[in-house]
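Report on the following structure.
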Amino acid sequence: MNRFRSRLLFALVTLIIVVLVGLGILLGQLFKSFYLNTFNQRLIKETNLVTMLVEEENRLSPELQVKLEEISKTLSARISITDIDGNVLYSTAGPTFSSEGSLQHTIGEAVQKNKARDRIFYEQDEEMFYYGSVLNRNGNRDGYIMLSTPIGSLQNVNQQIWGLLIASLGAAFVVILLLGVKITSRYTRPIESATKVAMELAKGNYKARTFEEHVDETGMLSQSINILARNLQDMSKAQEMQQDRLRTLIESMGSGIILIDGRGYVNLINKAYKDTFHADPTEYLYRLYYEAIEHKEVVTLIEEIFMTEVNVRKQLLLPLQIERRHFDVYGAPIISINDEWKGIALVFHDITELKKLEQMRKDFVANVSHELKTPITSIKGFSETLLDGAMNDKETLEYFLSIILKESDRLQVLIEDLLDLSKLEKQGFKLLPSYIDIIAVLEEIIFILDGKAKEKDIELIFFKPSNELFLFVDAERIKQVFINLINNALSYTPSGGNVTVKVMDVGENVNISVADTGIGIEQEEIPRIFERFYRVDKARSRNSGGTGLGLAIVKHIVEAHHGNITVDSKLNKGTTFTVKLSKENKHLQ
């Protein structure tokens with residue numbers, strides 16, 4: 001912008017100089033012409049006056065000569081009288097000439113050139129200015145009166161005029177230049193500031209502002225620039241906020257998202273997609289979809305959307321590393337308001353857990369049906385046999401009734417376990433915690449199950465610390481946990497084995513382990529043992545009277561106490577269940 005100001009000042013200075021020089025030349029010529037006219041008029045009057053004086057005398061007397069000398073001094077001009085041919089008869093003292101002959105020559109030449117004129121004439125050479133008049137006596141032309149004055153006076157006056165003009169116009173130039181600089185600065189500064197702000201706005205700096213100093217066109221320009229900057233800043237903030245919201249929404253979605261442009265290049269993948277498919281953005285972004293995506297099913301779905309331009313939804317089973325996962329894939333074309341094709345959006349909903357839950361539900365229904373059907377079928381079959389006449393045999397009657405009672409107890413236990421599990425999974429389920437001595441509770445459980453251990457010739461061992469251990473828990477639920485664990489250990493441990501219950505005080509927590517020397521569990525089955533109706537050894541479990549719900553109930557009770565249960569097992573060597581519980585259990589207080 002300094003170049004703009006310099007150019008403007010240069011143009012202004014050039015214009016001022018041209019105007020002032022032209023004005024100076026014009027004024028100089030006007031002043032010179034005015035002075036010359038005034039000078040000529042004065043000389044004419046003076047020449048007429050001298051001519052009238054000389055014409056009053058018939059001859060050139062000494063008195064006349066004295067008067068002419070005085071007049072010459074007064075007028076600062078030499079008075080010369082010539083005859084009719086231009087010969088100088090008399091000349092007063094006055095300005096000197098280069099040579100006396102030059103006076104005679106100049107006056108004679110002037111007379112000869114102006115004989116045709118009746119009154120006034122003048123000639124000018126390099127030194128003098130001449131004015132002449134015809135001298136008439138008695139009605140006849142008797143000679144000429146010549147006044148000669150040096151032209152130096154005219155030159156001096158001309159120099160003074162030009163000096164005055166130069167000084168005046170120079171002062172005017174300085175004043176106009178200062179005013180021009182001030183006015184230029186006043187009007188160019190807002191323009192420069194507005195230009196700088198406009199350049200900053202073009203760079204994306206919407207915080208830039210200019211000063212609003214004057215209420216005129218430049219002030220309106222600055223005000224408009226500031227309004228534009230504020231509007232751009234507000235729009236930028238709104239756009240950034242919208243982009244942040246959109247980015248946060250896309251990145252925080254639990255479903256994977258892919259955006260593909262109209263040419264088939266991948267433009268965006270969100271965090272869920274990267275985490276689910278272990279995708280490297282450098283291998284996906286700005287690459288063609290059929291090069292970046294390795295699953296043929298997804299590529300086929302994208303091609304279908306490209307060809308049909310309609311929404312497509314499919315459930316796909318895709319291999320991911322060592323597992324296979326189910327996805328509900330929803331694809332939609334992106335079409336602008338002007339019906340312009342923009343690309344495709346794909347959303348991947350991971351429904352693997354839903355599929356597992358659905359399968360678990362199916363298994364649960366099948367298992368419940370099977371578990372209920374078995375005792376009901378037994379009860380019905382034996383009842384029909386008794387009604388057909390077997391009740392007449394007392395021994396047969398007692399045997400059948402005992403079986404019916406056993407199956408009824410089994411059915412009752414199954415129903416109670418289902419009710420317990422339903423209560424534990426209910427959202428509003430609440431525990432009734434209180435401080436209990438866990439050592440005393442475990443001793444009571446061991447005393448209850450000691451008879452079963454002796455029947456199977458299993459040694460039931462209890463390791464406990466010397467001091468008391470109090471826990472803030474629901475006593476009945478915790479008792480149910482360890483009855484299930486110890487009962488399972490006894491059920492799956494062959495005769496001659498042992499079951500060990502061990503309590504360990506570990507600071508703010510208590511670890512209680514139940515270890516057996518039974519059949520053990522295979523490693524791939526360990527993650528499933530807490531599922532409902534899942535049995536490691538189905539025949540042994542059913543013969544032992546188990547419902548397959550015990551460990552599911554155990555896990556729910558432990559988690560309700562904000563505890564943790566872990567399993568460590570080796571096939572044919574035994575299994576160890578470890579329950580970790582907090583002493584104070586602040587979550588329940």
Exercise for the section: Could you sort out which of Lys454/Lys573; Lys362/Lys452; Lys456/Lys586; Lys356/Lys452; Lys380/Lys479 sit more than 31 Å apart by Cα distance in this structure? Expected result: Lys362/Lys452; Lys456/Lys586; Lys356/Lys452; Lys380/Lys479
Handout entry: Added length on full extension, which subtracts the Cα-Cα distance from 0.36 nm per residue, Lys573 to Gln41
Key = 176.5 nm
Exercise for the section: Would you mind computing, in nm to one decimal, how far apart the modelled labels at Glu251 and Glu443 are, each placed 7 Å from Cα along Cα→Cβ? Expected result: 5.9
Fill in the blank from the handout: With 0.36 nm assigned to each residue of separation and the Cα-Cα distance removed, Ile483 to Leu8 gains 160.9 nm
Handout entry: Kirkwood estimate for the stretch 437-530, i.e. one over the average of 1/r between Cα atoms, Å
Key = 14.2
Problem - the chain, helix-only ellipticity at 222 nm - DSSP H runs n ≥ 4, -39,500 (n - 2.57), divided by all residues, nearest 500 - result: -19000 deg cm²/dmol
Handout entry: Positive dipole terminus of the chain, leading residue within Asn484, Ala93, Asn392 (C-beta point charges)
Key = Ala93
Problem - DSSP beta bridge pairing in the stretch 430-512, given as percent antiparallel to the nearest 5 - result: 60
Handout entry: Scattering curve values for the stretch 173-295, log₁₀ I(q)/I(0), Debye with Cα scatterers, q = 0.22 Å⁻¹
Key = -1.12
Completion exercise
With Cα coordinates, the longest principal axis of the chain makes an angle with the long axis of helix 550-560, in degrees rounded to 10, of 40
Handout entry: Protection proxy ranking of 573-585, 518-530 - average other beta-carbon atoms within 10 Å, highest first
Key = 573-585, 518-530
Fill in the blank from the handout: In this structure, the FRET efficiency calculated for Asn498 and Arg361 from their beta-carbon separation, with R0 = 41 Å, to the nearest 0.05, is 0.55
Handout entry: Mean separation of Cα contacts under 8 Å, 6 or more apart, over the residue count of the chain: relative contact order %
Key = 7
Practice task
Leaving out ligands and nucleic acids, note down the accessible area per residue over the chain with a 1.4 angstrom probe, in whole Å².
Solution key: 59
Exercise for the section: Multiply the residue separation of Ile84 and Ala171 by 0.36 nm, subtract the distance between their alpha-carbon atoms, and state the gained length in nm to one decimal. Expected result: 25.8 nm
Handout entry: Reachable lysines from Lys203, criterion Cα separation under 29 angstrom, eight or more residues apart if same chain
Key = Lys237, Lys342
Fill in the blank from the handout: For 325-338, 467-480, ranked highest to lowest by mean beta-carbon neighbours within 10 Å, the order is 467-480, 325-338
Problem - Net dipole in debye of the chain [+1 Lys, Arg Cβ; -1 Asp, Glu Cβ; about Cα centre; nearest 20] - result: 840
Problem - Under 16 Å from the Cα of Lys67 - aspartates and glutamates, other chains or at least 8 residues apart - result: Glu46, Glu55, Glu56, Glu57
Practice task
Could you point to the label whose value was computed as Rg/Rh (Cα atoms, Kirkwood Rh) for the structure here, given (i) 1.14; (ii) 1.67; (iii) 1.31?
Solution key: (ii)
Exercise for the section: Tell me the label-point distance for the pair Lys296, Asp261, using the 7 Å Cα-to-Cβ offset, in nm and rounded to one decimal. Expected result: 3.0
Problem - Distance between modelled label sites at Asp275 and Ser76, nm, 7 Å Cα→Cβ extension - result: 11.1
Fill in the blank from the handout: Counting only protein heavy atoms with a 1.4 Å probe and every protein chain in place, the carbon and sulfur fraction of the accessible surface of the chain in whole percent equals 56
Completion exercise
Taking the dipole of the stretch 457-525 about the Cα centre (Lys, Arg +1; Asp, Glu -1; charges at Cβ), the one of Phe470, Ser513, Val499 that reaches farthest to the positive side is Phe470
Practice task
With a Förster radius of 60 Å, plug the Cβ-Cβ distance of Lys113 and Thr195 into 1/(1 + (r/R0)^6) and report the FRET value to the nearest 0.05.
Solution key: 0.25
Practice task
Towards the positive end of the charge dipole of the stretch 129-244, with charges on Cβ (+1 Lys, Arg; -1 Asp, Glu), say which of Gln160, Ala172, Gly204 has the farthest Cα.
Solution key: Gln160
Problem - 18 Å Cα-Cα reach of Lys196 towards lysines, excluding residues that sit fewer than 8 places from it in its own chain - result: Lys207
Practice task
Set the Förster distance to 25 Å, then compute FRET efficiency between Glu309 and Ile351 from the Cβ-Cβ distance, nearest 0.05.
Solution key: 0.45
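The values are calculated or read from the model by the stated rules, or taken from the named source; none is laboratory data. Please read all numbers here as calculations on a predicted model, not as lab measurements. Positions of Cβ are backbone-derived with ideal geometry, glycine not excepted, and every protein chain shown enters the neighbour counts. Side chains are part of the model used for accessible areas, which takes the heavy atoms of the whole protein and leaves out ligands, DNA and RNA. Shrake-Rupley method; radii C 1.70, N 1.55, O 1.52, S 1.80 Å.
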